[in-house]
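The numbers here are math on the coordinates, done by the rules we state, and not lab data. Small disclaimer: the values here were computed from a predicted structure and weren't measured. Here the Cβ positions follow ideal geometry from the backbone for every residue, glycine too, while neighbour counts run over all protein chains shown.
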Ligand code: SF4
């Protein structure tokens, strides 16, 4: 039987911080936090096709304070040239938040940096804290990192919901998908409500994806529009 197919989500080759800056997550626990367990594994496993680019998922490093090079931890076995704890600047991050070894990252063993995309979470979190004194105030800095972690979740699920638009789904499901996307966009683009409401929409979107995949797998393929 042909299995349900969705374009893969970009994995996090870097480890993530726990929202609130309480410590590190491993990559597997990151997956559980960002895309609660089962569906993420299925989505990532099922297809080789390239996702269609979407401007709302693009990273804009010019408007970011190098959050992926600061907030996240990484280690040698995951494709980085050195180990770095969460919340500490990579020693290659320059004062203008640019990578000082950018053209040589592969040669120097930083493939993990090349593979990673924040899906636009970095500039969103940075701009929310741009007028605050996060450089000098550790509490504000931790809040910015926590916001970055939450935005990573929102942008990942946003990507999955956008990609789900390629599937053959019923009218009702399509309306639900568009409604969820609107709510996710409101949160991710800075007009969101409380953290509780953001977590609620994350859970509902994940449940929707689970159901769509389960249904499509029960029905068998083909189920892609294109
Ligand atoms: S090597 Fe460059 S891209 Fe990678 S974490 Fe360090 S500053 Fe960022």
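Among the residues of the range 143-168, the ones that are surrounded by 18 or more Cβ atoms within 10 Å (Cβ to Cβ) and out of contact with any strand residue (DSSP E or B) (no Cβ under 9 Å at 6 or more places or on another chain) come to 18 in all.
Residue by residue, here is whether (1) closer than 20 Å to residue 130 by Cα; (2) part of a loop (DSSP other than H, G, I, E, B); (3) within 10 Å of the ligand (Cβ to nearest atom); (4) in contact with a strand residue (DSSP E or B) (Cβ under 7 Å, 6 or more places away or on another chain) holds:
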{"residue": "90", "(1), (2), (3), (4)": "no, yes, yes, yes"}
{"residue": "96", "(1), (2), (3), (4)": "yes, yes, no, no"}
{"residue": "106", "(1), (2), (3), (4)": "no, yes, no, no"}
{"residue": "112", "(1), (2), (3), (4)": "no, no, yes, yes"}
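So is residue 59 away from the ligand (no atom under 11 Å from the Cβ), in contact (Cβ under 8 Å) with a residue 40 or more places away in the chain, assigned to a loop (DSSP other than H, G, I, E, B) and out of contact with any strand residue (DSSP E or B) (no Cβ under 9 Å at 6 or more places or on another chain) or not? Judged against the criteria, residue 59 is a match. Going by the conditions given, is residue 122 closer than 24 Å to residue 199 by Cα, within 12 Å of the ligand (Cβ to nearest atom) and in a helix (DSSP H, G or I)? For residue 122, the condition - closer than 24 Å to residue 199 by Cα, within 12 Å of the ligand (Cβ to nearest atom) and in a helix (DSSP H, G or I) - is met.
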